[in-house]
Amino acid sequence: MKFSYNWIREFVEDLDYAPPLLEKLITMKTAECEGIEPAGELLAQARVARVESVAPIPGSNAVKALVDVGWSGKKTVVCGAPNCRPGLLTAYVPIGKKTIHGVESDGMLASGAELGLSHDRAGVIEINDGKPGTPLVDCAPDSVIDIDNKSITHRPDLWGHHGMAREVAAILGHRLKDPVKLNLLPGGAPSVKVQIEDLDLCPRYSALLFENVTIKPSPLWLQFRLTSIGLNPINNIVDVTSYIMAELAQPMHAFDADLLHGDTIFVRPAKSGERVRALNDAEYTLDRSNLVIADSQEAIALAGVIGGADSAITDKTKRLLLESANFQAASVRKTSVALKLRTDASMRFEKAQDPANTVRALARAVELLQEVSPGLGLVGGLADQKKQIAPPRVIQLPLDWLARKLGRTIEPAEVRRILTRLEFAVTEPTPGELSVTVPSWRGTKDISGKEDLAEEVGRMLGYDSITPRAPLVATSVPYIDPELRFQRELRQVLVDQGFTEVYNYSFISEESARTFGFDPATHVRVKNPIASDQELMRTSLLPGIWRNVLENSKRRDAFRLFEIGLEIHQQNNDGDLPQEIPHLMATLYERQGDGSAGLFEMKRVAECILPGAKACPAEAYPYEHPVRSANIVWRGAQVGRIFELHPGLVKAGRAAMLDLNLRAIQSLGPIDAKYQPLRRFPSSAFDLSVIADLRAQAGELESSLRSFARELLESIEFVRQYTGPPLPENKKSVSFRVTVASPDRTLSSEEVNDIRARIMEGMRNLGYELRV
């Protein structure tokens with residue numbers, strides 16, 4: 001949000017703080033400033049000048065102009081503007097002499113863009129009247145203070161210059177000037193009727209009708225004000241509405257009254273499928289959730305967002321209907337998000353504007369329109385339909401509580417002085433307790449309790465005046481949530497295995513859901529998504545991790561990532577809240593290789609997390625490699641899945657994935673750690689190679705070997721797998737290392753041979769051939 005220093009000075013009497021000092025003051029007391037930008041620096045030197053004559057310069061599109069610049073005489077200026085002509089009143093800037101196209105040019109004739117008055121670079125500015133040598137009327141260099149929007153999002157009054165001036169005046173103790181003259185509002189019956197269908201969606205709608213309107217460019221001072229704060233000048237009528245929005249934080253809209261049907265303005269929900277063509281030339285299809293302004297035939301504007309093109313102000317406009325309304329913040333926000341359309345008006349209405357401001361804005365408009373469109377006249381009185389305005393909120397403020405809250409003693413007179421300067425009404429019905437009435441512009445979604453008043457007093461005093469002191473609060477051993485502790489331990493295990501944690505949004509797009517074969521209809525849909533591609537709540541962590549893989553694979557040949565987050569699933573019953581299930585999703589990406597090493601590494605990681613877990617091959621899902629997927633089984637229950645992403649989802653390389661249901665794991669209980677003494681006697685090991693079918697699972701072979709080894713088995717370790725000569729094409733050799741031991745003695749060679757023979761005999765009985 002940009003604020004003009006000169007504009008603020010107009011409202012704060014005797015403001016003598018330089019812009020840098022004022023910026024610091026606002027940052028410390030009100031809102032965070034992000035810097036100061038100069039505006040219209042050349043205006044300090046610019047003077048009105050009259051072009052006396054022009055002569056073409058051979059070989060160029062420029063002309064040699066003789067200009068009268070008043071007291072400094074006549075100057076020869078080279079100008080390339082197409083509108084440079086004899087008799088033209090324009091702006092001259094003495095920037096020094098320079099030879100252009102072989103002609104010495106003494107200064108320059110300036111365009112609106114060069115002076116900072118507008119964005120027009122098509123030609124030099126044209127001034128209607130003025131005396132050569134005099135400064136441009138009401139156009140002086142300015143400093144624009146840039147304030148962070150987020151720091152004033154709870155302050156709708158600060159989205160206008162008068163509101164910010166009120167803060168400055170309160171901080172400095174100066175008098176605040178009000179630009180509004182309510183006595184300019186006409187009396188009598190209005191010429192237009194207003195009908196509001198739902199006063200909760202539109203608490204107030206005010207309007208005035210004007211005739212004898214002249215459409216033309218705005219005065220230079222008005223163009224400069226708007227341009228300096230980032231608004232585009234359009235014409236004198238539209239510019240007045242933009243000016244008042246920037247001054248009073250009240251958005252307005254002007255309709256060409258001759259393009260409206262009937263004498264009544266309707267504020268109603270849109271009809272399902274109703275269409276409206278907006279000022280941005282886009283056409284929008286609406287539904288009942290969108291509030292519109294309509295005449296007797298059709299919608300003519302999107303309430304609080306943007307006006308309609310079919311009733312817009314044009315050069316032919318002669319009668320003008322000026323709207324100043326107040327709309328429910330949530331309604332405007334929903335429409336803005338649904339239509340992906342954010343405007344200066346919608347941003348202000350989303351902050352919950354003051355309903356009392358509508359008529360103030362119209363009174364200000366009467367004064368400004370009479371200035372920019374001489375001869376304009378009012379038709380009838382003020383049209384003003386509104387909801388019953390609630391009385392101002394009154395808050396009791398105990399002074400002893402305030403002192404404890406702020407951590408310092410404050411004189412009652414000082415508290416009253418601060419709140420009164422901020423235009424709160426303050427009385428003291430009982431000693432030691434103030435009764436504070438909240439002004440309407442602070443009562444929408446800002447000041448609601450005594451804690452808010454404590455903040456007002458504290459920031460005006462200056463938080464640097466409060467001695468930092470830790471509160472005296474009794475301490476106790478905090479409760480340790482088992483789920484959080486489990487997830488913290490899980491994170492540490494993965495970090496120890498070389499993984500980096502990532503955090504993704506819980507929202508996905510319909511396109512992402514369909515990429516993995518998920519049905520968008522089974523997802524929880526967000527009513528007010530923060531972005532157009534985040535309208536669904538995720539039912540899997542996979543889409544987010546997949547995007548991480550795609551982005552990181554552009555820069556790295558190998559990496560390991562994991563995320564711990566919630567899957568959100570719809571319940572069968574409509575009234576039930578969605579179910580949130582914590583999951584772990586990990587990925588191991590490698591650009592080189594066939595991906596098998598990554599799968600085995602993921603299996604090892606799963607075993608680090610869940611000792612004794614088994615990977616049981618399973619039918620692949622559409623997003624998985626057709627023959628590389630398995631269920632993770634632990635303690636007899638399926639708790640996750642290990643797989644390789646389908647090659648079609650990864651442009652280059654292979655990505656092994658591990659997905660664990662943390663709720664299912666926790667439901668099986670903690671892993672009991674048992675003490676095992678150090679082995680006192682040596683173990684014996686031997687290798688066995690089992691000849692099996694190509695599709696035989698190593699895990700099943702291991703289970704068979706384990707059953708025959710019995711109680712003296714210490715471990716079985718997979719060693720290698722071999723295919724090729726002299727084995728048949730449909731066979732493979734799977735080698736294991738079998739380790740046996742006894743806790744109370746050293747096994748003899750005969751005992752070891754007996755175990756090996758028992759294993760071999762058992763495997764042969766199952767139809768396998770063994771090699772030793």
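The values are calculated or read from the model by the stated rules, or taken from the named source; none is laboratory data. What you see is a predicted model; the values in this text were computed from it and never measured. Every residue, glycine among them, receives a Cβ derived from its backbone with ideal geometry; neighbour counts consider all protein chains shown.
So which residues in the stretch 210-236 are β-branched (Val, Ile, Thr) and more than 22 Å from Ser324 (Cβ to Cβ), if there are any at all?
First, pick out the residues of the stretch 210-236 that are β-branched (Val, Ile, Thr): 213-215, 227, 229, 234.
If the condition is that a residue be β-branched (Val, Ile, Thr) and more than 22 Å from Ser324 (Cβ to Cβ), then Thr227 is the only one that fits.
Rundown of residues vs (1) farther than 13 Å from Asp693 by Cα; (2) charged (D, E, K, R); (3) at pLDDT 90 or above; (4) loosely packed, with under 15 Cβ neighbours inside 10 Å, yes/no style:
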| site | (1), (2), (3), (4) |
| --- | --- |
| Ser735 | yes, no, yes, no |
| Ala741 | yes, no, yes, no |
| Asp744 | yes, yes, no, yes |
| Leu747 | yes, no, yes, no |
| Arg758 | yes, yes, yes, yes |
| Met763 | yes, no, yes, no |
Flagged in the stretch 7-49 as under 33 Å from the mean Cα position of the chain (by Cα), surrounded by fewer than 16 Cβ atoms within 10 Å (Cβ to Cβ) and under 28 Å from Thr134 (Cβ atoms), in numbering order, are Glu37, Pro38
For the stretch 402-437, which positions are farther than 20 Å from Leu176 by Cβ, in a strand (DSSP E or B) and without any contact (Cβ under 8 Å) to a residue 24 or more places away in the chain? Thr427, Glu428, Pro429, Thr430
Can you name the condition, by its number, that Phe559 falls short on among (1) surrounded by 17 or more Cβ atoms within 10 Å (Cβ to Cβ); (2) within 27 Å of the chain's Cα centre (by Cα)? (2)
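Can you pull out the strands (runs of 3 or more DSSP E) entirely within the stretch 31-121 that have at least 3 residues that are within 19 Å of Val137 (Cβ to Cβ)?
Working: elements: 33-39, 47-56, 63-68, 74-79, 89-100, 103-109.
Per the criteria, 47-56, 89-100.
Here's the yes/no breakdown for (1) closer than 29 Å to Leu490 by Cα; (2) in the same structural domain as Leu645 (by TED's automatic domain parsing); (3) without any contact (Cβ under 8 Å) to a residue 60 or more places away in the chain; (4) crowded, with 19+ Cβ neighbours inside 10 Å:
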{"site": "Arg525", "(1), (2), (3), (4)": "no, yes, yes, no"}
{"site": "Leu536", "(1), (2), (3), (4)": "yes, yes, yes, yes"}
{"site": "Leu542", "(1), (2), (3), (4)": "yes, yes, no, yes"}
{"site": "Ile545", "(1), (2), (3), (4)": "yes, yes, no, yes"}
{"site": "Ser553", "(1), (2), (3), (4)": "yes, yes, no, yes"}
{"site": "Glu567", "(1), (2), (3), (4)": "yes, yes, yes, yes"}
How many of the residues making up the stretch 243-297 are over 26 Å from Glu371 (Cβ atoms), of a type in the set (Phe, Trp, Tyr) and within 27 Å of the chain's Cα centre (by Cα)? 1
How do the pairs read when you match residues in the stretch 494-515 that are hydrophobic (A, V, I, L, M, F, W, C) with residues anywhere that are in a helix (DSSP H, G or I), using Cβ under 7 Å and keeping only pairs 6 or more apart or on different chains? Val502/Asn548; Ile508/Pro543; Ala513/Pro520
Over the stretch 127-158, the set of residues surrounded by 16 or more Cβ atoms within 10 Å (Cβ to Cβ) and more than 30 Å from Arg459 (Cβ to Cβ) is Ile127, Gly130, Pro132, Gly133, Leu136, Cys139, Pro141
Filter result for Thr214 (on the phi < 0 side of the Ramachandran plot, surrounded by fewer than 20 Cβ atoms within 10 Å (Cβ to Cβ) and not hydrophobic (A, V, I, L, M, F, W, C)): yes
Please pick out the residue among Ser704, Ser733, Ser742, Ser715 that is touching a Leu at 6+ places or on another chain (Cβ under 8 Å), farther than 30 Å from Pro482 by Cβ, part of a strand (DSSP E or B) and not assigned by TED's automatic domain parsing to the domain that holds Gly612. Ser733
Looking at (1) touching a residue at least 60 places away in the same chain (Cβ under 8 Å); (2) over 30 Å from Lys29 (Cβ atoms); (3) surrounded by fewer than 20 Cβ atoms within 10 Å (Cβ to Cβ), can you tell me which one Ala122 breaks? (1)
Return the residues of the stretch 1-58 that are without any contact (Cβ under 8 Å) to a residue 24 or more places away in the chain, touching a strand residue (DSSP E or B) at 6+ places or on another chain (Cβ under 7 Å) and in the same structural domain as Arg155 (by TED's automatic domain parsing); say none if nothing qualifies. Pro20, Thr27
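Yes/no per residue for (1) surrounded by 12 or more Cβ atoms within 10 Å (Cβ to Cβ); (2) in contact with a strand residue (DSSP E or B) (Cβ under 7 Å, 6 or more places away or on another chain); (3) modelled with pLDDT of 90 or more:
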{"site": "Ser683", "(1), (2), (3)": "yes, yes, yes"}
{"site": "Phe686", "(1), (2), (3)": "yes, yes, yes"}
{"site": "Val690", "(1), (2), (3)": "yes, yes, yes"}
{"site": "Arg695", "(1), (2), (3)": "no, no, no"}
{"site": "Ala698", "(1), (2), (3)": "yes, yes, no"}
{"site": "Leu701", "(1), (2), (3)": "yes, yes, yes"}
{"site": "Phe708", "(1), (2), (3)": "yes, no, yes"}
{"site": "Thr723", "(1), (2), (3)": "yes, yes, yes"}
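With the requirement that a residue be of a type in the set (Asp, Glu), in a helix (DSSP H, G or I) and within 30 Å of Arg204 (Cβ to Cβ), what does the stretch 444-466 give you? Write out each step before concluding.
Quick first cut of the stretch 444-466, residues of a type in the set (Asp, Glu) only: 446, 451-452, 455-456, 464.
Keeping just the survivors that are in a helix (DSSP H, G or I) gives 451-452, 455-456, 464.
Answer for the stretch 444-466, where residues must be of a type in the set (Asp, Glu), in a helix (DSSP H, G or I) and within 30 Å of Arg204 (Cβ to Cβ): Glu451, Asp452, Glu455, Glu456.
What about Ser228, is it under 30 Å from the mean Cα position of the chain (by Cα) and surrounded by fewer than 22 Cβ atoms within 10 Å (Cβ to Cβ)? Full working, then the answer.
Values: under 30 Å from the mean Cα position of the chain (by Cα): yes; surrounded by fewer than 22 Cβ atoms within 10 Å (Cβ to Cβ): no.
So Ser228 fails the test.
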Pull out all pairs, ordered by first then second residue, where Cβ-Cβ is under 8 Å, the residues are six or more apart or on different chains, the first lies in the stretch 634-647 and is free of Cβ contacts under 8 Å to residues at least 60 places away in the same chain, and the second is among the hydroxyl-bearing types (Ser, Thr, Tyr) and part of a loop (DSSP other than H, G, I, E, B). Phe643/Tyr621; His646/Tyr623
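Please specify each residue of the stretch 260-289 satisfying the condition of being surrounded by 14 or more Cβ atoms within 10 Å (Cβ to Cβ) and either of a type in the set (D, E, K, R) or under 23 Å from Lys386 (Cβ atoms) (or both).
Step one: of the stretch 260-289, the residues surrounded by 14 or more Cβ atoms within 10 Å (Cβ to Cβ) are 260, 264-271, 274, 276-279, 284, 286.
Within the stretch 260-289, Leu260, Thr264, Ile265, Phe266, Val267, Arg268, Pro269, Ala270, Lys271, Glu274, Arg277 qualify.
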Quick check on Arg706: is it among the basic types (Lys, Arg) and over 21 Å from Arg604 (Cα atoms)? no
Can you list residue pairs whose Cβ atoms sit under 6 Å apart, with the first residue in the stretch 330-358 being touching a residue at least 40 places away in the same chain (Cβ under 8 Å) and of a type in the set (Ser, Thr, Tyr) and the second being buried (at least 17 other Cβ atoms within 10 Å of the Cβ) and assigned to a loop (DSSP other than H, G, I, E, B)? Count only pairs 6 or more apart in sequence or on different chains. Ser331/Leu201; Thr335/Asn290; Thr335/Val305; Ser346/Gly304; Ser346/Val305
With Phe486, Phe518 as the choices, which residue is within 25 Å of Ile564 (Cβ to Cβ) and part of a helix (DSSP H, G or I)? Phe486
Near pairs, Cβ below 9 angstrom, 6+ apart or cross-chain, from the stretch 438-452 (under 19 Å from Ala249 (Cα atoms)) to any residue that is of a type in the set (S, T, N, Q): Val438/Ser448; Ser440/Asn357; Trp441/Gln353; Trp441/Asn357; Thr444/Gln353
Contact list, first residue from the stretch 169-180 and closer than 13 Å to Thr420 by Cβ, second anywhere and of a type in the set (A, V, I, L, M, F, W, C) and surrounded by fewer than 18 Cβ atoms within 10 Å (Cβ to Cβ), beta-carbon distance below 6 Å, six or more apart or interchain, is Ala169/Leu176
Flag if Ala521 is among the small types (Gly, Ala, Ser), at pLDDT 90 or above and not assigned by TED's automatic domain parsing to the domain that holds Ile418: yes
